[in-house]
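J.: One structure, pasted below without further comment.
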Amino acid sequence: MPLEQVLVRLGVATLVGLLLGLDREVRGFPAGIRTHALVALSSAAVMVSALKLTETFGDADPLRAIQGLAQAIGFIAAGLIFAARDTVHNTTTAANIWLASALGIAAGAAHFDVVVVATGFGLVLLVVVGLIEKRLGLAQKNASKKSADAD
């Protein structure tokens with residue numbers, strides 16, 4: 001894999017991680033711009049490395065890298081979620097971290113169509129749906145009811 005391809009794949013992953021993290025950063029949640037960018041970048045780096053190993057040795061299985069990333073990101077996302085009394089917080093941030101990792105994997109595999117479409121849907125869910133919730137007063141209603149998805 002030429003260096004230019006590595007730069008593009010890791011660069012795209014970093015960019016989408018930055019975009020996804022911006023919403024969390026603006027809203028003041030613990031996993032923000034840098035966290036999301038690092039998760040996406042590291043996922044892409046693992047994927048690119050797995051693909052390069054396959055090129056070099058032929059018998060390496062890049063799917064195992066995806067399995068390992070899924071487990072690792074599950075632990076990170078679970079660590080973001082916390083419960084206090086009858087409330088659960090940071091579920092949206094945890095799901096967003098999971099998406100950043102998936103986008104990093106897709107960018108690392110050069111599946112840029114998946115990256116573009118999934119980033120678009122992710123941003124719609126974070127920004128547009130968030131604005132709709134706010135406009136309809138759902139965010140305040142959920143916060144006052146101590147909803148499980150108030151973030």
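We did not get these values from a lab; they are worked out from the coordinates using the rules stated. Since the structure is predicted, the reported quantities are computational estimates derived from the model, not experimental observations. Cβ: placed from backbone, ideal geometry, glycine included. Neighbour counts: every protein chain shown.
J.: What order do you get for Val48, Val16, Val114, Val26 when you list them from fewest to most C-beta neighbours inside 10 Å?
T.: Fewest-to-most ranking of Val48, Val16, Val114, Val26: Val26, Val114, Val48, Val16.
J.: How much length would be gained if the chain were fully extended between Leu131 and Phe112, taking 0.36 nm per residue of separation minus their Cα-Cα distance, in nm to one decimal?
T.: Between Leu131 and Phe112, full extension yields 4.1 nm more.
J.: Would you kindly calculate the translational diffusion coefficient of the chain, applying Stokes-Einstein with the Kirkwood radius from alpha carbon pairs, for 20 °C and a viscosity of 1.002 mPa s, and quote it in µm² s⁻¹ without decimals?
T.: So the translational diffusion coefficient is about 133 µm²/s.
J.: Give the Kirkwood hydrodynamic radius (Å, one decimal) of the stretch 1-60, defined as one over the mean of 1/r across all pairs of different Cα atoms.
T.: One over the average 1/r among Cα pairs gives 12.3 Å for the stretch 1-60.
J.: Further question: Taking the number of other C-beta atoms within 10 Å as the exposure measure, put Asp113, Asp59, Asp23 in order starting with the fewest.
T.: With the fewest neighbours first, Asp113, Asp59, Asp23 line up as Asp59, Asp113, Asp23.
J.: So, one more: To the nearest whole percent, what portion of all C-alpha pairs in the stretch 62-120 is separated by more than 17 angstrom?
T.: Tail of the P(r) past 17 Å holds 46 percent of the pairs.
J.: Say we join alpha carbon atoms closer than 10 Å with springs in a Gaussian network model of the chain; which of Ala37, Ala50, Ala13 then has the biggest fluctuation?
T.: In this elastic network of the chain, the residue with the biggest mean-square fluctuation among Ala37, Ala50, Ala13 is Ala50.
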